[in-house]
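Participant: One structure, pasted below without further comment.
The values are calculated or read from the model by the stated rules, or taken from the named source; none is laboratory data. If you're wondering where the values come from, they're calculated on a predicted model, not measured in any experiment. All Cβ positions, even for glycine, are placed from backbone atoms using ideal geometry, and neighbour counts span all protein chains on display. We work out accessible area using only protein heavy atoms, side chains counted, and drop any ligands, DNA or RNA first. Shrake-Rupley method; radii C 1.70, N 1.55, O 1.52, S 1.80 Å.
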Amino acid sequence: MNYDITDFMETADADTLGMIARARRLTREYYFADYNDIQKRQQILRELLGSIGENVAVDTPFHCDYGKNIFVGDDVIINMNCTFVDNKPIRIGNRVLIASNVQIYTSAHPVSVKERLVPDWKEAGTTFFRTFARPVEIKDNVWIGGGSIILAGVTIGENSVIGAGSVVTRSIPANCVAVGNPCKCVKTIN
């Protein structure tokens, strides 16, 4: 994979650790908020996320790194036990269904040991590894099946369906059913 210097990010500086701590606090508050207290739960989501549309349901538990890099459209359901690693933006369109146990990762590490590990990392005051991040986009009217994993840099085209348990390593075009590991389009939707 080719990387650009802008793909890499620092994951252990004070600002980053502060954003992560904030997200952990807010997701914990959200988890323990009374399920019937819709006003309080929506207030927490508005504080946690970059933006949130109308008629959005996020079930618990919900996990994220920053929250502020997650942008959710209208009429969206994010079912229980989803994990969004939002080092870069995760954009979710309108009328999207995300089933339980879905994981969305905007970050990863280089495969090559020379690219992944940082020599003299202690002297540099950083972590011993490099992390790169690329945004993920889920277009309008998408349904993502339970247990699916969506990796960094992926776009899922409008109206598409991702089959349960799929590992989405590359972008998926609009209007298709895609399944498998790696996930591939197996049927066009009319």
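Participant: Only residues that are at pLDDT 95 or above and of a type in the set (D, E, K, R): list them for region 76-133, please.
Facilitator: Asp86, Lys88, Arg91, Arg95
Participant: Return the residues of region 33-71 that are among the charged types (D, E, K, R) and open to solvent by 50 Å² or more (accessible area, probe 1.4 Å); say none if nothing qualifies.
Facilitator: Result: Asp34, Asp37, Lys40, Arg46, Glu47, Glu54, Lys68.
Participant: Name the one entry in Val186, Val167, Val154 that is under 18 Å from Val96 (Cβ atoms), in contact with a strand residue (DSSP E or B) (Cβ under 6 Å, 6 or more places away or on another chain) and not aromatic (Phe, Trp, Tyr).
Facilitator: It is Val154.
Participant: Among the hydrophobic types (A, V, I, L, M, F, W, C), open to solvent by 30 Å² or more (accessible area, probe 1.4 Å) and out of contact with any Ser or Thr (no Cβ under 7 Å at 6 or more places or on another chain): does that describe Val186?
Facilitator: Considered against the rule, which asks whether it is among the hydrophobic types (A, V, I, L, M, F, W, C), open to solvent by 30 Å² or more (accessible area, probe 1.4 Å) and out of contact with any Ser or Thr (no Cβ under 7 Å at 6 or more places or on another chain), Val186 comes out as yes.
Participant: Out of everything in region 1-58 that is among the polar types (S, T, N, Q) and in contact with a strand residue (DSSP E or B) (Cβ under 7 Å, 6 or more places away or on another chain), what residue ends up being modelled with the lowest pLDDT?
Facilitator: The extreme case among them is Thr11.
Participant: For residues in region 114-123 being part of a loop (DSSP other than H, G, I, E, B) and loosely packed, with under 10 Cβ neighbours inside 10 Å, which is nearest to the chain's Cα centre (by Cα)?
Facilitator: Pro119
Participant: Could you count how many residues in region 76-127 are touching a Phe, Trp or Tyr at 6+ places or on another chain (Cβ under 9 Å), among the charged types (D, E, K, R) and touching a residue at least 60 places away in the same chain (Cβ under 8 Å)?
Facilitator: 1
Participant: Being of a type in the set (A, V, I, L, M, F, W, C) and either touching a Cys at 6+ places or on another chain (Cβ under 6 Å) or open to solvent by 10 Å² or more (accessible area, probe 1.4 Å) (or both) is the filter here, so list the residues in region 73-86 that pass it.
Facilitator: Ile77, Met80, Phe84, Val85
Participant: How many residues does region 124-156 hold that are under 12 Å from the mean Cα position of the chain (by Cα), outside any strand (DSSP E or B) and surrounded by fewer than 19 Cβ atoms within 10 Å (Cβ to Cβ)?
Facilitator: 1
Participant: Follow-up question, since we're still on this one. Hey, any hits in region 32-44 for a residue that's free of Cβ contacts under 8 Å to residues at least 24 places away in the same chain and under 16 Å from the mean Cα position of the chain (by Cα)?
Facilitator: Taking every residue of region 32-44 in turn, none turns out to be free of Cβ contacts under 8 Å to residues at least 24 places away in the same chain and under 16 Å from the mean Cα position of the chain (by Cα).
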